[in-house]
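One structure is given below, encoded as structure tokens.
The values are calculated or read from the model by the stated rules, or taken from the named source; none is laboratory data. Here the structure is a predicted model, which means the values were calculated and not measured. No Cβ is skipped: glycine too gets one built from the backbone with ideal geometry, and neighbour counts run over all protein chains shown. The area values use the complete protein model at the heavy-atom level, side chains included, leaving out ligands, DNA and RNA. Shrake-Rupley method; radii C 1.70, N 1.55, O 1.52, S 1.80 Å.
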Amino acid sequence: MDTRLFYADEAGIAGAAAILRAGGLVAFPSETVYGLGGDARDDRAVARIYEAKGRPSFNPLIVHLPDAEEVARFAVLPEGFARVAPFWPGPLTLVLPLRPDAGLSPLVTAGLDSVAVRVPAHPVTRALLRAFGGPMAGPSANPSGRISPTRAAHVLDGLSGRIEAVLDGGPCAVGVESTILGLTDGPRLLRPGGLPAEALEAVLGRLESGGDAAKPTAPGQLSSHYAPRGRVRLNSRAAAGEVGIGFGAGDEALNLSPAGDMVEAAANLFHMLRQADEMAGEAGTIAVAPVPEEGLGRAINDRLRRAAAPR
Ligand code: TXA
Ligand code: MG
């Protein structure tokens with residue numbers, strides 16, 4: 001299959017929506033990372049998402065909706081929902097009890113009785129959702145276990161020939177995936193991400209994090225994910241022969257943010273991990289300077305720990 005590249009103008013968005021309506025797969029830009037979109041009601045489209053990504057089927061997908069009012073058609077709204085819904089549209093995903101009459105493919109939820117939903121803020125994602133007119137399943141548009149894409153070229157690197165089209169909306173502003181908050185069993189931080197956890201804690205109180213690592217409900221919880229091919233050392237300056245990724249002042253080959261700005265660092269993270277992966281190769285080592293564990297730094301460090309996990 002030839003993967004088409006659409007620019008995110010009116011014609012490109014209409015073309016992408018037509019592919020979704022026909023059961024095809026389109027990678028789409030969002031403020032966090034590029035997603036791989038398919039009709040969440042269509043078993044075949046959803047199965048093709050798993051196949052294109054090579055994703056283990058126990059990992060459920062996020063359902064993207066154009067606005068918060070739509071959520072009640074697919075999920076039960078538990079306590080706490082009203083307090084966090086104002087963070088939409090934005091880099092927040094909520095795991096909610098699934099409505100039995102939601103009409104979603106059971107493959108989207110991997111057979112669970114909960115569903116992950118997100119209302120993205122990117123104008124192109126919202127225009128695409130409106131033009132498509134249905135719930136769109138959208139995991140990150142990378143082969144399973146690899147670094148998430150933040151540019152159309154990254155998507156083509158991993159999925160060219162496996163999907164119908166990529167909608168090119170330029171680089172993603174946030175650069176790390178959405179924060180996932182579970183609301184099925186009291187509030188739980190399932191994945192730190194583009195919305196700082198502190199913002200959620202300000203309205204919900206102190207959050208418990210994570211789930212059961214032995215029984216991951218979010219693949220972000222599998223220890224090796226987001227993985228370059230070589231070795232990754234954290235909280236380190238580069239030794240001779242290593243590829244360095246700096247943060248703040250330093251003379252590393254790559255720098256997440258010379259000014260020490262967390263937003264800039266998150267936006268650069270996956271692109272620089274890819275560049276470092278290219279430079280270091282399979283036999284090389286990537287050394288990453290320390291990033292403070294606060295705000296978006298929690299999401300950045302979470303992704304870095306996974307990139308460094310033994311595999
Ligand atoms: O920013 C994002 O969230 C991007 C953009 C494209 O929206 N999407 C994304 O999707 O990162 P993905 O599939 O790579 O990660 C979705 C996460 C997974 O960790 C999955 O296990 C979790 O959401 N998830 C989905 N449904 C769930 C459920 N019912 N319970 C717990 N976790 C769930
Ligand atoms: Mg992913």
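Does the range 83-105 contain any residue that is in the same structural domain as THR150 (by TED's automatic domain parsing), under 25 Å from ASP157 (Cα atoms) and open to solvent by 60 Å² or more (accessible area, probe 1.4 Å)? No; the residues of the range 83-105 include none that is in the same structural domain as THR150 (by TED's automatic domain parsing), under 25 Å from ASP157 (Cα atoms) and open to solvent by 60 Å² or more (accessible area, probe 1.4 Å).
Could you tell me whether ARG151 is more than 21 Å from ARG48 (Cα to Cα), touching a strand residue (DSSP E or B) at 6+ places or on another chain (Cβ under 9 Å), in the same structural domain as GLY37 (by TED's automatic domain parsing) and within 16 Å of ligand 2 (Cβ to nearest atom)?
Details: more than 21 Å from ARG48 (Cα to Cα): yes; touching a strand residue (DSSP E or B) at 6+ places or on another chain (Cβ under 9 Å): yes; in the same structural domain as GLY37 (by TED's automatic domain parsing): yes; within 16 Å of ligand 2 (Cβ to nearest atom): yes.
For ARG151, the condition - more than 21 Å from ARG48 (Cα to Cα), touching a strand residue (DSSP E or B) at 6+ places or on another chain (Cβ under 9 Å), in the same structural domain as GLY37 (by TED's automatic domain parsing) and within 16 Å of ligand 2 (Cβ to nearest atom) - is met.
The criterion of at least 2 residues that are acidic (Asp, Glu) is met, among helices (runs of 4 or more DSSP H) falling completely within the range 1-111, by 43-53.
Every residue, every condition in (1) within 15 Å of ligand 2 (Cβ to nearest atom); (2) modelled with pLDDT of 95 or more; (3) in a loop (DSSP other than H, G, I, E, B), yes or no:
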residue: VAL166; (1), (2), (3): no, yes, no
residue: GLY170; (1), (2), (3): no, yes, yes
residue: VAL174; (1), (2), (3): yes, yes, yes
residue: ILE180; (1), (2), (3): yes, yes, no
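Residues satisfying the criterion are absent from the range 147-160 (criterion: outside any helix (DSSP H, G or I) and farther than 28 Å from GLY15 by Cβ). In the range 20-34, the condition of being open to solvent by 50 Å² or more (accessible area, probe 1.4 Å) and either modelled with pLDDT of 95 or more or of a type outside the set (S, T, N, Q) (or both) is met by at least one residue. When the criteria are applied in full, ALA52 fails the requirement of being away from ligand 2 (no atom under 15 Å from the Cβ) and open to solvent by less than 30 Å² (accessible area, probe 1.4 Å).
For the structure I just gave you, tell me whether PRO149 is surrounded by fewer than 17 Cβ atoms within 10 Å (Cβ to Cβ) and more than 9 Å from ligand 1 (Cβ to nearest atom).
In short, no.
For the range 110-138, give me the residue count where each residue is surrounded by fewer than 17 Cβ atoms within 10 Å (Cβ to Cβ), in contact with a Ser or Thr (Cβ under 9 Å, 6 or more places away or on another chain) and either closer than 12 Å to ASP67 by Cβ or not assigned by TED's automatic domain parsing to the domain that holds HIS64 (or both). Of the residues in that region, 0 qualify.
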